[in-house]
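Everything on this sheet refers to the single structure shown next.
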Amino acid sequence: MTDHHPLLRQLPAIDRLLNTPPLKAMADSHAHAQLRAAAQAAVEELRRRLLAGEKPLPDLAPGAVARLAVEFLHALETPSLRRVLNLTGTVLHTNLGRAPLAQSALQAVVEVARGYSTLEYELGEGRRGERHVHVEELLCRLTGAEAALAVNNNAGAVLLALAALAGGKSALVSRGELIEIGGSFRIPEIMAAGGVRLVEVGTTNKTHLDDYRRAIGDGTALILKVHTSNYRILGFTSTVTGEELAALGRERGLPVLEDLGSGLLLDPAALGLPREPTVREALATGIDAVTFSGDKLLGGPQAGVIAGRQEIIARLKHHPLARALRLDKMTLAALEATLRLYLDPQRALREIPALGMLAIPAEELLRRCRELLPPMQAVAGDRADLEIIPATATVGGGAMPLAELPGFALAVTPHRLSLQQLAARLRRSDPPVVGRTQDNRLLLDPRTLLPGEEPLLTKALGAALAAPSHD
Ligand SMILES: *Cc1c(COP(=O)(O)O)cnc(C)c1O
């Protein structure tokens, strides 16, 4: 690569750029140093493109280069973590932030984050308190556990429980439960990270109680059961129940832990979802402790809960990892408020957005599609065909992989753009719109659209279809 390019000399000087209308127009709202840095970045970028043999800009006139600098400035000022309109229909979409929070949870976050709080302060005696107390009693009430602890996420809850109960020793896990959850949470790796030696028992499809019994040795400190939440082995299978493992644990003096993944606090039938044990049912088997997520089927903030027997939870609370994985005040506030809604299950169903989205009947989705169709057709004009079609959504978050949520979606077929172009333009909208493609159409599923977001969707579709098609 050479340092010379005939066009390099045409790149405008920084002071010249600062005097162009696009950058001068921003002088009132921006510091001089910011404008200068943006101008420098634009020139640097064009120099890089020229030297790399890429096309720089159609025109290297100062005005055009200044417009690039303004684009850079806007990009720098656009938040990276942004709100998105979720039209995928996947309710607990891990990449889009899983569960939207209930109104009361949002209020609790604002209240606690705005000023000071009782985070670790006991008002009765006016002295240092424990941050665990804000959610422990609620968790016990809602799950039947004797004690509970909430940490940063369920991966952290499992790691803490493994390290505290079996660090330096070994734990038994069925070969059929050595799972990977999205985002590189793998049972064997989390065990290694917790300093626990994995002893595999049984086979992929069948594990019997005797397999566990025979594997127990001097170094065994824990029996771990893992809910295979994101896949199913069908056919010739057998697993050992929680009751059987709990009995074996009692007989041999070993704690039994179950990683439930999703933390169901309500009967899934109330949501029209397939049977799956609730946290209360899992603990009722006699298992010593369970772990679950705060932002899966519970519908709260990212958190991981360990609920179970008093002495087990006490060991966890005193482990150094509990300090490293502790919750911050905003998450605690959101978790406490979300849990409080469950004291009245009807209220939880009404006010926790994820539960409402899972439970929406198909007729209601059809009604929403019919309401969305006319304004969407109006902005699309003759640039796209819109149609209401039956569509199946999924729970997401690795929960209930086989559950199909029946519903309806708007299917968009653009005429002058490719599907990829339309999808990319919608993602560049403000706020960005994310749908899903299926059978050469873009599906917009209203299940995961929040109330009041409809006009933003319509505007985004209109703009995406109208823009000239040079991208
Ligand atoms: C989702 C899941 C996890 C990880 O939980 P996070 O809250 O995402 O950390 C662990 N175990 C199981 C079985 C899960 O389903």
Here are Leu365, Leu355: which of them is more than 18 Å from Ala303 (Cα to Cα) and in contact with a Gly (Cβ under 6 Å, 6 or more places away or on another chain)?
Leu365
Just for the range 195-206: of the residues that are more than 16 Å from the ligand (Cβ to nearest atom) and in a strand (DSSP E or B), which one is surrounded by the fewest Cβ atoms within 10 Å (Cβ to Cβ)?
Arg197
Could you tell me how many of the residues in the range 43-70 are in contact with an Asp or Glu (Cβ under 8 Å, 6 or more places away or on another chain) and either on the phi > 0 side of the Ramachandran plot or surrounded by 17 or more Cβ atoms within 10 Å (Cβ to Cβ) (or both)?
1
Report yes if Ala192 is surrounded by fewer than 19 Cβ atoms within 10 Å (Cβ to Cβ) and among the aliphatic types (A, V, I, L, M), otherwise no.
yes
Filtering the range 201-235 down to residues that are in contact (Cβ under 8 Å) with a residue 40 or more places away in the chain and farther than 23 Å from Phe292 by Cα yields Tyr212, Ala215, Ile216, Gly217, Gly219, Thr220
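Conditions tested, residue by residue: (1) over 27 Å from the mean Cα position of the chain (by Cα); (2) without any contact (Cβ under 8 Å) to a residue 24 or more places away in the chain; (3) closer than 30 Å to Pro401 by Cα.
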site: Leu119; (1), (2), (3): no, no, no
site: Glu146; (1), (2), (3): yes, no, no
site: Asn153; (1), (2), (3): no, no, yes
site: Glu189; (1), (2), (3): no, yes, yes
It is to be established whether one or more residues within the range 360-377 are farther than 22 Å from Leu271 by Cβ, without any contact (Cβ under 8 Å) to a residue 12 or more places away in the chain and away from the ligand (no atom under 16 Å from the Cβ).
yes
Going through the range 440-465 one residue at a time, which ones are surrounded by 23 or more Cβ atoms within 10 Å (Cβ to Cβ) and within 11 Å of Leu410 (Cβ to Cβ)?
Leu442, Leu444, Asp445, Pro446, Leu457, Leu461
Here's a check for you: in the range 207-232, which residue that is within 16 Å of the ligand (Cβ to nearest atom) and part of a loop (DSSP other than H, G, I, E, B) is farthest from the chain's Cα centre (by Cα)?
Arg232
Determine if the range 383-399 includes at least one residue that is modelled with pLDDT of 95 or more and assigned to a helix (DSSP H, G or I).
no
Would you check if there is a residue in the range 391-406 being more than 24 Å from Lys296 (Cβ to Cβ) and in contact (Cβ under 8 Å) with a residue 24 or more places away in the chain?
no
I'd like to verify a number: residues in the range 132-144 that are free of Cβ contacts under 8 Å to residues at least 60 places away in the same chain and of a type outside the set (D, E, K, R), how many?
1
Considering only residues of the range 287-316 that are under 20 Å from Gly253 (Cβ atoms), of a type in the set (D, E, K, R) and in a loop (DSSP other than H, G, I, E, B), which is nearest to the ligand (Cβ to nearest atom)?
Asp288
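The values are calculated or read from the model by the stated rules, or taken from the named source; none is laboratory data. The structure displayed is predicted, hence computed values, not measured ones. Cβ atoms come from the backbone with ideal geometry, glycine included; neighbour counts cover every protein chain shown.
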